[in-house]
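S.K.: Can you read through this structure? Questions will come right after.
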Amino acid sequence: MYRRYLRPSLWREMERLQRDMNQLVGGLSSREVTPASFPAMNVWTGDDTAVITAEVPGVLADEIDISVVGETLTLSGERKPEEHEGGVRYHRRERGCGRFSRSIELPFRVDAEKVEAAYDKGILRITLPRAEADKPRKIAVRAS
Amino acid sequence: MTNGVPTLEAQKEEAPVLEGAERTRERRAYVPRSDIYETEDAIFVLADMPGVDEDSIEITLEKNVLTIAAYAESSDLGDYEPVYAEYESGDYTRRFSLSDQIDQAKIEASLRDGVLKLMLPKAEPARARTIKVKAD
């Protein structure tokens with residue numbers, strides 16, 4: 001388990017309880033996907049790098065803003081509705097539009113200068129290298 | 001929202017399992033959120049399918065039933081460990097029954113930024129037919 005996301009706040013504790021209950025009742029739905037607001041994000045970690053992926057279909061790359069302050073990443077932007085010339089008649093409208101803004105806590109302090117983002121097939125991928133100062137240091141134990 | 005545009009949602013809706021037919025792939029399948037609108041000459045379908053490649057979409061139109069099936073690549077990132085998840089990648093599947101006759105030969109499909117756009121031109125006889133009511 002990843003500790004940063006399990007801070008003992010009452011809210012998180014409630015969420016966890018609810019999830020556990022859902023699993024007990026739902027039985028087979030064992031895969032843990034936390035409900036979220038748009039866009040849905042996944043967090044991955046590797047050696048000294050974190051990767052965040054987000055599902056942002058139909059959002060243009062220039063409409064996405066990424067900012068990193070301390071250990072918090074904020075993703076904001078807008079998904080614009082399609083514009084039509086002339087009259088159209090909607091049969092069905094399920095694809096939401098509008099502005100979005102979300103913040104997520106990073107697993108460690110990152111080097112904001114080296115953050116990279118790529119957008120492909122409606123999925124945004126942000127690569128966040130760990131800040132040098134934050135990297136764990138090995139301390140050699142000297143035998144006396 | 002104004003003009004009946006829904007608000008943004010992050011959760012994908014899971015596709016129901018068809019009765020008597022089990023999915024061959026052991027992955028989740030989702031119902032892509034879609035917009036459908038009509039102009040004088042065509043019907044347009046827009047479907048949100050993040051993670052899908054143009055080569056992995058199958059679109060069929062049979063007896064006025066439009067079927068969209070797409071296979072999304074796994075989102076696993078090789079050397080990275082997942083530590084927190086709000087979405088899962090999976091396949092997409094959806095069927096619509098169309099009320100108009102479609103000119104099958106002229107259907108166009110494009111994929112951009114994870115959104116599929118289908119243009120289904122109405123067949124000639126189905127186009128604007130105005131029937132004048134004559135007064136006696």
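The values are calculated or read from the model by the stated rules, or taken from the named source; none is laboratory data. Computed from a prediction, not measured in an experiment: that's the story for all the values here. Positions of Cβ are generated from backbone atoms using ideal geometry, with glycine treated the same way; all protein chains shown enter the neighbour counts. The area values use the complete protein model at the heavy-atom level, side chains included, leaving out ligands, DNA and RNA. Shrake-Rupley method; radii C 1.70, N 1.55, O 1.52, S 1.80 Å.
S.K.: Just for strands (runs of 3 or more DSSP E) wholly inside segment B:6-99: which have at least 3 residues that are open to solvent by 30 Å² or more (accessible area, probe 1.4 Å), under 26 Å from A:Ser103 (Cα atoms) and out of contact with any Pro (no Cβ under 8 Å at 6 or more places or on another chain)?
M.R.: B:81-85
S.K.: For segment A:89-114, name all the residues that are without any contact (Cβ under 8 Å) to a residue 12 or more places away in the chain and either surrounded by fewer than 16 Cβ atoms within 10 Å (Cβ to Cβ) or part of a strand (DSSP E or B) (or both).
M.R.: The answer is A:Arg89, A:Tyr90, A:His91, A:Arg92, A:Arg93, A:Glu113.
S.K.: Would you please name the residue that is surrounded by the fewest Cβ atoms within 10 Å (Cβ to Cβ), looking only at residues in segment A:122-144 that are in contact with a Lys or Arg (Cβ under 9 Å, 6 or more places away or on another chain) and in a loop (DSSP other than H, G, I, E, B)?
M.R.: Once the filter is applied, the top-ranked residue is A:Ala131.
S.K.: Here is a follow-up. Test of understanding: among B:Lys117, B:Lys106, which residue is closer than 17 Å to A:Gly122 by Cβ and in contact (Cβ under 8 Å) with a residue 12 or more places away in the chain?
M.R.: The unique qualifying residue is B:Lys117.
Conditions (1) within 19 Å of the chain's Cα centre (by Cα); (2) more than 30 Å from A:Ala61 (Cβ to Cβ); (3) of a type in the set (A, V, I, L, M, F, W, C), marked per residue:
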| position | (1), (2), (3) |
| --- | --- |
| B:Tyr30 | yes, no, no |
| B:Thr39 | yes, no, no |
| B:Ala69 | yes, no, yes |
| B:Val83 | no, no, yes |
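S.K.: Let me ask you something else. Residue check, A:Thr74 against (1) under 21 Å from the mean Cα position of the chain (by Cα); (2) surrounded by 16 or more Cβ atoms within 10 Å (Cβ to Cβ), all met but one. Which one?
M.R.: Unmet for A:Thr74, out of (1) under 21 Å from the mean Cα position of the chain (by Cα); (2) surrounded by 16 or more Cβ atoms within 10 Å (Cβ to Cβ): (2).
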